[in-house]
Amino acid sequence: MNITKYLSMKTVLLLFFIVIPFHVFSQPEKMELASSRLSFTLMEKDTLFGCTALGVVIPKIKKLFGGISAIECLGENKLMLVSDQYKQDNDKSYFFITDMNGNILSADPFYGEKNIESVRLNPFFNTYYYSFEKDNSTGVGFITDKKPVNVFTEKLPSPNRGIEGLTFTKDSALWIAFESGNKTNCDTNGTTTFYKIPYDKNSGKYDYTLRVSYQYPFNRCSCLDKGKAFNGNLGNGVSEILALPDDTGKLLILERCYNGSKPNSVKLYKAQIPATPNQRMEKTLVYDLDKANLEPDNMEGMCWVTLSNGKPALFLISDDNFNHSRQKTLLIKLAVESGK
């Protein structure tokens, strides 16, 4: 090996690990998306192993990488991937900065927080917001001055079924989605609760006491065979939500259902937000990953991306539960087609 090239590569890697973790990222480019007709086509499917940076195996990343439960697009053509917990380090969550191809540039603790389920860059304040799910509680926080600040915490409605979805609409409202609501039955006509939390200009905060609720139609047992019971691991869940960039009246919903013996069932729905709260939302299936033969794994994160050609895309990522021998971290890239 040419020693000069080796030292140059080592210097570049050190710069990545020193500079990138606390870099202030610019906001992603504004995306125009006509949402009255929305469809997706597969661009690419990659399996990420989390062990390389600039083509070099990095033991630190290989050791830490896994359990990815959140993905967010940052400015400068970069992505943030966040793990839900790393048991060898007191269940801490870690965040990984990658390029658009999944090449990892840095790996660091998520500001000391644990059990992260979703991360969003608030487009109005350029601040990271996140949801968490602990043994008995779930909630939302944000990062300021490299420190976590709690917005609210609630009792976990049922085991392993906390707040998995987080997004912001154009009216600056914060939306959250409980994975499966607070019921455990298999009511095919059931719902799970979405909350819209307004931003209070007087206090300069998202005021959880002013929240309004909407009921998202939801079958907890959509993929379960007869005789199998819904629980914290088996059954259907809303694993992420996204605001449509040009429409405050619609949300994109990621539903993921696990049977215990079959591959995950994963579907994308467009949900219409009612004009008044406490009403039932209407939803329309816009993409079925099963029928697309993508063999989806435990899909938990999604984000909008503006490609280098200016066109919109949707990135989905799976959580391998740190079970590397049986599951995989899968990054699925979907081209977005929309129109009136």
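Remark: Leu314 falls outside the filter, which requires a residue to be outside any strand (DSSP E or B), crowded, with 19+ Cβ neighbours inside 10 Å and of a type in the set (A, V, I, L, M, F, W, C). On inspection, Ile61 passes the criterion of being crowded, with 19+ Cβ neighbours inside 10 Å and over 25 Å from Val140 (Cβ atoms). Among the residues making up the range 179-195, those that are surrounded by 18 or more Cβ atoms within 10 Å (Cβ to Cβ) and either of a type in the set (Asp, Glu) or modelled with pLDDT of 95 or more (or both) are Glu179, Phe194, Tyr195.
Only one of the numbered conditions (1) in a loop (DSSP other than H, G, I, E, B); (2) in contact (Cβ under 8 Å) with a residue 40 or more places away in the chain is not met by Thr188, and that is (2). Against the list (1) assigned to a strand (DSSP E or B); (2) under 17 Å from Ser93 (Cβ atoms), the condition Ala177 fails is (2). Looking at Tyr94, is it modelled with pLDDT of 90 or more, buried (at least 16 other Cβ atoms within 10 Å of the Cβ) and either within 15 Å of the chain's Cα centre (by Cα) or not in a strand (DSSP E or B) (or both)? It is true that Tyr94 is modelled with pLDDT of 90 or more, buried (at least 16 other Cβ atoms within 10 Å of the Cβ) and either within 15 Å of the chain's Cα centre (by Cα) or not in a strand (DSSP E or B) (or both).
A search for C-beta distances below 8 Å between a residue of the range 114-137 that is among the acidic types (Asp, Glu) and any residue that is surrounded by fewer than 16 Cβ atoms within 10 Å (Cβ to Cβ), counting only pairs 6+ apart in sequence or on different chains, returns Glu133/Asn160. When the range 33-77 is limited to residues that are part of a loop (DSSP other than H, G, I, E, B), over 30 Å from Asp290 (Cβ atoms) and of a type outside the set (S, T, N, Q), the one that is modelled with the lowest pLDDT turns out to be Leu54. Among the conditions (1) in contact with a Phe, Trp or Tyr (Cβ under 9 Å, 6 or more places away or on another chain); (2) at pLDDT below 95, Trp304 misses just one, which is (2).
Would you be able to say whether some residue in the range 228-245 is farther than 28 Å from Tyr195 by Cα and not acidic (Asp, Glu)? Scanning the range 228-245, I find at least one residue that is farther than 28 Å from Tyr195 by Cα and not acidic (Asp, Glu), so the answer is yes. Does Ser8 qualify as being assigned to a loop (DSSP other than H, G, I, E, B), surrounded by fewer than 19 Cβ atoms within 10 Å (Cβ to Cβ), small (Gly, Ala, Ser) and at pLDDT below 55? No; evaluated as a whole, the condition is false for this residue. In the range 263-271, the condition of being in contact with a Ser or Thr (Cβ under 7 Å, 6 or more places away or on another chain) and modelled with pLDDT of 95 or more is met by at least one residue.
If you check Thr127 against the conditions, is it at pLDDT 95 or above and surrounded by fewer than 19 Cβ atoms within 10 Å (Cβ to Cβ)? The answer is no for Thr127.
The values are calculated or read from the model by the stated rules, or taken from the named source; none is laboratory data. The structure presented is a predicted model; accordingly, all values stated were derived computationally and were not measured. All Cβ positions, glycine included, derive from the backbone under ideal geometry; neighbour counts span all protein chains shown.
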